[in-house]
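The values are calculated or read from the model by the stated rules, or taken from the named source; none is laboratory data. In this text, all values refer to a predicted model and were calculated from it rather than measured experimentally. All Cβ positions, even for glycine, are placed from backbone atoms using ideal geometry, and neighbour counts span all protein chains on display. Areas reflect the complete protein model, heavy atoms only, side chains present, ligands, DNA and RNA absent. Shrake-Rupley method; radii C 1.70, N 1.55, O 1.52, S 1.80 Å.
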Amino acid sequence: MTTVYRARLVRTLDPANPTADHVAVDDGRIVAVGGAADMPAGAPVDERFADKVLVPGFVEGHTHTQVGALWSSCYCGRFARTGPDGTLWDELPSVDESMARLREWGEANPDADVIFGWGFDPIYFGRTCTREDLDLVSDTRPVALAHASLHIVSINTPALALLGLLDNPPDTPSVPRGADGLPTGELRGPEAAYPAIGRLGLLPFLFPTNEDAFLAVGRLAVRAGVTTMTDLGSSYRPELLAQYAEYTGREDWPVRLVPAFMSDGRPAGELSRVADEAAAANTDMLRLGRLKIVVDGSIQGFTARLRAGEYHNGAPNGLWYKTPEHIREVLAQALAEGRQVHLHTNGDQASELVLDILEELVAARPGATPDITLQHAQMMDEGLLGRAAALGLNVNLFANHIFYWGEAHASMTIGEERAAGMDACATALRLGVPLAIHSDEPVTPIAPLFAMWCAVNRITHEGRVLGPHERITAEQALHAVTMGPAITLGMDDEVGSLAVGKRADIAVLDDDPLAVAPEAIRDIAVWGTVTGGRVFPADA
Amino acid sequence: MPDAPSPVPVLVIGGYLGSGKTTLVNHLLRSTSERLMVLVNDFGQSVIDAALVEATDGDVLQLAGGCVCCQIGDDLAGALQRAVEEHPDRLVIETSGVAQPAAVATSVAMFPGLAMDAVVVLADAERIRQSLADRYVGDLVTAQLRQADVVLLNRTDLVADPADALAAVGAVARGPVIPCMNGEVPPEVLTSVGHEASVEAALHDAGDLFWSRTLPAAGSPAEVMARLAAIPGVVRAKGFVQLPSGEWRLLQVVGARVTSTPWSGPTPPAAEVVVIALRPLQPS
């Protein structure tokens, strides 16, 4: 049965038919876009969006579903954030306020074995939190606070005692000690943080192990207007695959899920085999079969690989997470099979390595067309982006960084000049590289309108514009959260624009992101989504 | 309350891709008398000698002599927890080619039920100079060697003169560098030092590479450690020193790693230390 939605405005992202005020949907697909006269005769008109602006459902090309589990603990981030249930968690401008929030959560959850918070970022406070801070949360119950990176966790004295780290503290810089010779409570780096997280029984907070956590991800997507999202770097555990199949198959599951298996270093042929086996279960709501390789770390964590060989503040170069040999093997196999691969390359040296490898592989295989996206790619400059263009690669840039960590990048990690050139959206577009922008949820909140705002304004959290020459227009930014990411996922034939034959995936907005002032884009309210013709209000 | 079991000693085997880590693991499994638990990243990357495998059960290989081999996958912490529970004689961790062995040692240190014994890093004699100079991974290979307590310079049979590779590795390594072929060094060098007689017997097989003897260990732990540090090429040392208070301490040296821990076992017969060290290289 055909349904016609009338709207105040439809932004189609179809250059042949850029605006309309009616969309007709039948059996999950769009059958007409245009004026009232273009709609199928006799089809009932649904007026509920009559005062709304419809844009293509946002496509989030770099998110992680683990966030659903995190929201069942206590959010302790510097900036306000809305949870999956619509609760607004206020900003926390100081360490003390973070501790107060955690204390309240502990009191409200007296049965929790560990008082657990996430999202803490000491970069804004000039100091980290110590076990003394966390002992004020509770000096009898274990307390653990995961930092925003999820690579550091701070724990209190009872937690240190529970782990046996007070009597005989490990002799490693990852477990720094204070003047009293006892651990400060900070466990730095995954090598120290994850054993503690595991031993404290907190792993269920970091991975979506239950239905509630998984469904929370869907609610976050609807609130953000997202109708296709990635789980970029999932494991291939059979239990997770079973969860994917079960939850995305529910009638109330609102978002197309596109996982990419993260290489754990096994041989390329084996990766292909597990990806293909999993892809046999694909549906219109679940798209397995892609791969991800994490090449380096993060810039703010000083673990990204830089061409300069060291960081602005003198910190040594970052880490490789896979060998160049493994990356080459997987990419060679992917080129032969036409498989899609996403490569996390934060630092410019990581991006350069992948370009070096691909140039060699493509030269040896004339006619090969890489289906490859460089993810984050935050330090690609004109030269590197030009090489990506020549290879036909896509980039998914992390423009949100300018707001959250732009100041830290300018003062600490890479210095003012390179920070001003980070996430070079304008250069990528000028060179013809298909562009997406993303949140890396849970690293920053899933919110394509906010990502647009970042790419359009490049305003740091201190309110200054960083790298005005890399700002893009609102129209370009809208493309970078719809068609752009659809291209990176190879799904541009079915999502990313509103055109006849495509999926009826729509973001329903209160206002037009191309008409409001650029600095107001992030304030546009999202009414909800339509996915495959099914309507999902955000406040349901 | 029964005493907690003593911590499981841990051997971390590091080194860049292709340096011979899996070969060393197989050599250890063939030559050890201990009940080892071996952690590898992935069975596809680390091929355990089929002759040693008695049964396969998902992520666990049952091996000859009560040893087991498990895949780490993406959960090192979980694998370490299992090692605490299973309490093998020794835990051997084969790291991935890009791993910083010191980071793996840190994870081990987060489990009081485990005790780091040694970080052994392999280098391929044929390729190490090139790897150290590589524009992408040169600093990683350097860091791996620097984090080693003991370096095994492997495949010396494939180069005309290992002196060049020895010099390149020696310039960055903190600990002794042992030349070898196919990772074949006496297991006592990689694991633990027992009685002098058995050490001598084991080292006999290693030809002229090592010497071993028992040295008196009078004085404070610091004084004894200083004397040991003055001996070139100490690979392993283990023994007891006595504090002026009469308390005994267990002194253990693994190349660059020196630990001194309070001793609560039976009173040692004497303050002495068994030392295994590399003989000075003969000029070739």
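Quick check on packing: order A:395-405, B:160-170, B:116-126 by the mean number of other C-beta atoms within 10 Å, highest mean leading.
Put in order of decreasing packing, that is A:395-405, B:116-126, B:160-170.
Provide the per residue accessible area, probe 1.4 Å, for the protein assembly as shown, rounded to a whole number of square angstrom.
Per residue, the protein assembly as shown has 38 Å² of solvent-accessible surface.
Over its Cα atoms, what ratio of radius of gyration to 2.2 N^0.38 Å does the range B:2-150 give?
Ratio of Cα Rg to 2.2 N^0.38 Å: 1.03.
Of the heavy-atom accessible surface of the range A:32-135 (probe 1.4 angstrom), what whole percent is carbon and sulfur?
Its accessible area is 47 percent carbon and sulfur atoms.
Could you order peptides B:171-181, B:132-142 by the average number of other Cβ atoms within 10 Å of their residues, highest first?
B:171-181, B:132-142
At what distance in nm do the modelled label points of A:Asp180 and A:Ala308 sit from each other, each positioned 7 Å from its Cα along Cα→Cβ?
For A:Asp180 paired with A:Ala308, the spin-label model returns 3.9 nm.
State, as an integer percentage, the relative contact order of chain A based on alpha-carbon contacts under 8 Å between residues 6 or more apart.
So the answer I get is 17 percent.
Enter the mean projected area of the convex hull around the alpha-carbon atoms of the range A:380-477, in nm², rounded to one decimal.
Over all viewing directions, the range A:380-477 projects a mean Cα-hull area of 5.8 nm².
Hey, what angle do you get for helix A:348-363 against the long axis of chain A, alpha-carbon based, 0 to 90 degrees rounded to 10?
It works out to around 50 degrees.
Could you give the length gained by full extension between A:Ala336 and A:Asn168, i.e. 0.36 nm per residue of separation minus their alpha carbon distance, to one decimal place?
So the chain would gain 55.2 nm between A:Ala336 and A:Asn168.
Using the Cβ atoms and a cut-off under 10 Å, what net charge is assigned to the surroundings of B:Met116, where Lys and Arg are +1 and Asp and Glu are -1?
Net of charged neighbours comes to -2.
Hey, could you grab the Kirkwood Rh for the protein assembly as shown? Inverse mean 1/r over distinct alpha carbon pairs, Å, one decimal.
By the Kirkwood definition, the hydrodynamic radius is 28.7 Å.
Please average, across the residues of B:110-121, the number of beta carbons from any other chain that are within 10 Å of each residue's own beta carbon, and give a whole number.
Mean number of neighbouring Cβ atoms from other chains: 3.
Grab the Cα-Cα distance for A:Asp212 and A:Thr140, subtract it from 0.36 nm times how many residues apart they are, and report the gain in nm with one decimal.
23.0 nm
Under a 1.4 angstrom probe, counting protein chains only, how are A:Met483, B:Met225 ranked by accessible area, largest first?
Largest to smallest exposure gives the sequence B:Met225, A:Met483.
How big is the A-B contact in terms of buried accessible area, both chains counted, 1.4 Å probe, rounded to the nearest 100 Å²?
2100 Å²
Note down the nm distance, to one decimal, between modelled labels 7 Å out along Cα→Cβ at B:Ala51 and at A:Glu239.
3.9 nm
Please sort A:229-235, A:168-174 by packing, taking for each peptide the average over its residues of neighbouring beta carbons within 10 angstrom, highest first.
Packing proxy ranking, top to bottom: A:229-235, A:168-174.
Any number yet on Rg/Rh for the range A:430-540, C-alpha, Kirkwood?
0.97
Taking every residue in B:31-43, how many Cβ atoms of other protein chains lie within 10 Å of its Cβ, on average?
1
Can you compute the charge dipole magnitude of the range A:85-226 about its Cα centre, using +1 on each Lys and Arg Cβ and -1 on each Asp and Glu Cβ, nothing else charged? Give it in debye, rounded to the nearest 20.
Dipole size: approximately 340 debye.
Arrange the residues A:Met262, A:Met1, A:Met380, A:Met39 by how much accessible surface each exposes, largest first, with a 1.4 angstrom probe.
A:Met1, A:Met262, A:Met39, A:Met380
From Cα pairs below 8 angstrom and at least 6 apart in sequence, can you work out the relative contact order of chain B, rounded to a whole percent?
About 17 percent, as a whole number.
Between the range A:263-306 and the range A:342-358, what is the C-alpha centre distance in whole Å?
One Cα centre to the other: 15 Å.
For peptide A:160-168, how many partner chain Cβ atoms fall within 10 Å of a residue's Cβ, on average?
Per-residue shielding by partner chains comes out at 2.
Need one value: the accessible area of A:Glu382 in square angstrom, 1.4 angstrom probe, rounded to the nearest 10.
100 Å²
Any chance you could check the range A:178-216 for residues losing 20 Å² or more of accessible area when the partner protein chains are in, compared with the chain on its own (1.4 Å probe)?
So the qualifying set is A:Glu191, A:Pro195, A:Arg199.
Could you point to the residue in B:Met116, A:Val33, A:His342 farthest towards the positive end of the protein assembly as shown's charge dipole, with +1 and -1 charges on the Cβ of Lys/Arg and Asp/Glu respectively?
Of the options given, the answer is B:Met116.
Using alpha carbons only, how many degrees (0 to 90, rounded to 10) separate the axis of helix A:190-199 from the longest principal axis of chain A?
The angle comes out near 90 degrees.
Where both partners of a DSSP beta bridge lie in the protein assembly as shown, what percent of those bridges are antiparallel, to the nearest 5?
50 percent
Could you state how much accessible area A:Glu270 has, in square angstrom rounded to the nearest 10, with a 1.4 Å probe and all protein chains kept in place?
60 Å²
Top to bottom by accessible area (1.4 Å), largest first, where do A:Asp493, B:Asp75, A:Asp27, A:Asp512 land?
I get A:Asp27, A:Asp493, B:Asp75, A:Asp512, largest accessible area first.
Determine, from the Cβ-Cβ distance of B:Glu85 and A:Ala36 and an R0 of 60 Å, the FRET efficiency 1/(1 + (r/R0)^6), rounded to the nearest 0.05.
Calculated transfer efficiency: 0.30.
At 1.4 Å probe size, with no ligands or nucleic acids counted, give the accessible surface of B:Glu34 in Å², nearest ten.
Near enough 40 Å² of accessible area.
Restricting things to Cα coordinates, could you compute the convex hull volume per residue of the range A:73-205 in Å³?
105 Å³
Based on alpha-carbon centroids, what's the gap between the range A:1-43 and the range A:81-144 in Å, whole number please?
Their Cα centres are 47 Å away from one another.
Rounded, prolate or oblate: which fits the range B:196-278 when a ≥ b ≥ c are the square roots of the eigenvalues of the alpha-carbon gyration tensor, with rounded for a/c under 1.5 and prolate only if a/b beats b/c?
Prolate.
Assuming a ≥ b ≥ c are the square roots of the Cα gyration tensor eigenvalues, decide whether chain B counts as rounded (a/c under 1.5), prolate (otherwise, with a/b larger than b/c) or oblate.
oblate
I want to verify the translational diffusion coefficient of the range A:225-494 in µm²/s; compute it with Stokes-Einstein, Rh as the Kirkwood radius over Cα pairs, at 20 °C and 1.002 mPa s.
Reported coefficient: 114 µm²/s.
Suppose R0 equals 35 Å. What FRET efficiency, 1/(1 + (r/R0)^6) with r the Cβ-Cβ distance, do B:Ala226 and B:Ala163 give to the nearest 0.05?
0.75
Given the DSSP H assignment, sum -39500 (n - 2.57) over each helix run of at least 4 residues in chain A and divide by its residue total; what's the result at 222 nm in deg cm²/dmol, nearest 500?
-8500 deg cm²/dmol
For a paramagnetic label modelled at 7 Å from the Cα of A:Phe125 toward its Cβ, which residues of the range A:70-92 fall within the zone defined by backbone nitrogen distances under 18 Å?
A:74-81, A:89-92, by backbone N distance to the label point.
Just the number, please: percent antiparallel of the DSSP beta bridges in chain B, rounded to the nearest 5.
Antiparallel bridges make up about 55 percent of those DSSP assigns within chain B.
In deg cm²/dmol, rounded to 500, what helix-only [θ] at 222 nm does chain B give when every DSSP H run of at least 4 residues adds -39500 (n - 2.57) and the total is split over its residues?
Taken over chain B, the calculation gives -7500 deg cm²/dmol.
Could you please state how large a percent of the accessible area of the range A:409-540 is carbon and sulfur, counting protein chains only and using a 1.4 Å probe?
52 percent
Size of the dipole of the range B:8-190 about the Cα centre, Lys and Arg at +1 and Asp and Glu at -1 on the beta carbon, nothing else charged, in debye to 20?
Rounded to the nearest 20 debye, it is 440 debye.
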